[in-house]
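Participant: My questions will all concern the structure given below.
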Amino acid sequence: MFGHSLLMPNMNQHSSVSAMPAVRIPAAAYALCLCIGVIGSNSLVLGPIAPQVAESFGRGTPAVMTASGAFGIGTALAAILLGRLIDRFGAGVTLRAALALFALALVASAAAPILPMLVGAQFVAGLAAGVALPSIYTLAAAVAPARRESDTIGIVLSGWTLSMVAGVSLSAVLADSVGWRFVYGFAAAASALALLVAQAMKLRVAPAAATTSSPLAALRVPGVVPLLTACAGFMASFYGVYAYIGDHLHRTLGLPLSANGLLALTYGLGFGAAAFLDGLIDRFDAGRFLPVMFLAVACVYLGMGAASGSYVLTLAAVFLWGLANHFGLNVLIMRLGALDPARRGAVMGLNSGVTYLALFAGTASFGALYTATEFAILPIAAAGLMLLAALSASLARPRSAPRVTS
């Protein structure tokens, strides 16, 4: 269906790469990795500390989790409506402004005297994240050296491993030791550090457009709609399964809550381990490789469903899940970033918006399915979504646009 050259390496490219000295990954990639880690941690820390937050406010845990929902809504709105500003003012400028606002929102979260103020502060943090994330992806695509695109983006995406491991594993420990407010205070300090690093690295990309068009104008870029559709299926399947796998381990398998921490750590290790293999991606045609990776993720989901009765086998499946998701996300970002450099910020904004809208859709729909059936059905449903994602990705025109350098 995808053609005879589906996994055929570009031999000319490979031979030229081997004949030339290795190009170093720019230090900016590691700075962007830190930025991703700081922002991603905020979306993960509330879950483990929610019971303590609820007790301090005299409210229920579901009420506290509305703050997480507010963060997601803010991220989606800003990514879709404000992503075009990245092309107008430059990704470096918008990233620094967003990180400053993000740090202030976390300070407000730590100091919130009542729950509505925490919810409001997290909404503002979401608005900042909605601008920062596409700015980071835009910078990653711009600073990547020729023939090291996947390696560079892979380093940046490793920030999600930092957020998964540090955010989930450390937040509960910090909350138990010094209280939940310190968690947000520590995150605010980390955000300030990320801002200083971004300033010191002089991360910048010249504005790509003198004016900005409608936020949705980037949908007219050839290939954007099928790739965003694939992104929606990819993210909805991830968040739909991830949201309920911990409950399955606790309620169905009778495991302690600490088992969920090991699960998150295992996923993070798999996601991070894939970074060591990102160089292999550059040997293949990204346009044809993306559907293959989505099919691989579908296979992992099927294996996860079959292994759902065993904790050990589930951990093995989760490690492969992180590994496959890293490759899928890496190539997806590469494909989106190459479609139209002049509107890269707007495209990345749409990508982040779709991601967080898919979070809500996946969590809600899979939650209803989980309530009506059992967990083993969720990975099967996720595999179905990944088949649709693979089909949609195969419809995107597999071409590379001219590169933009910083």
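All of the numbers you see were taken from the coordinates with simple rules; none came from a lab. Being a predicted model, the structure only gives us computed values, none of them experimental. Counting neighbours? That spans all protein chains shown, and the Cβs are built from the backbone with ideal geometry, glycine included.
Participant: Which of the trypsin sites (Lys or Arg not before Pro) found in the stretch 318-401 are loop residues per DSSP with 16 or fewer other Cβ atoms within 10 Å of their Cβ?
Facilitator: In loop regions of the stretch 318-401 (DSSP not H, G, I, E or B), the sparsely surrounded trypsin sites (Lys or Arg not before Pro) are R399.
Participant: Please work out how much length the chain gains when fully extended from V23 to H250, using 0.36 nm per residue of separation minus the C-alpha to C-alpha distance, in nm with one decimal.
Facilitator: Here the answer is 77.0 nm.
Participant: Starting from the Cα gyration tensor of the stretch 266-370, take the square roots of the eigenvalues, sort them a ≥ b ≥ c, and report rounded, prolate or oblate (rounded when a/c is under 1.5, otherwise prolate if a/b is larger than b/c, else oblate).
Facilitator: The shape class here is oblate.
Participant: For the stretch 303-343, what D do you get in µm² per second when you plug the Kirkwood radius from alpha-carbon pairs into Stokes-Einstein at 37 °C and 0.692 mPa s? Intermediate results must be reported in sequence, preceding the final value.
Facilitator: Details: Rh = 12.0 Å.
So the translational diffusion coefficient is about 274 µm²/s.
Participant: Need one word for the stretch 126-165: rounded, prolate or oblate. Basis is the Cα gyration tensor (sqrt eigenvalues a ≥ b ≥ c); a/c below 1.5 gives rounded, then a/b vs b/c decides.
Facilitator: oblate
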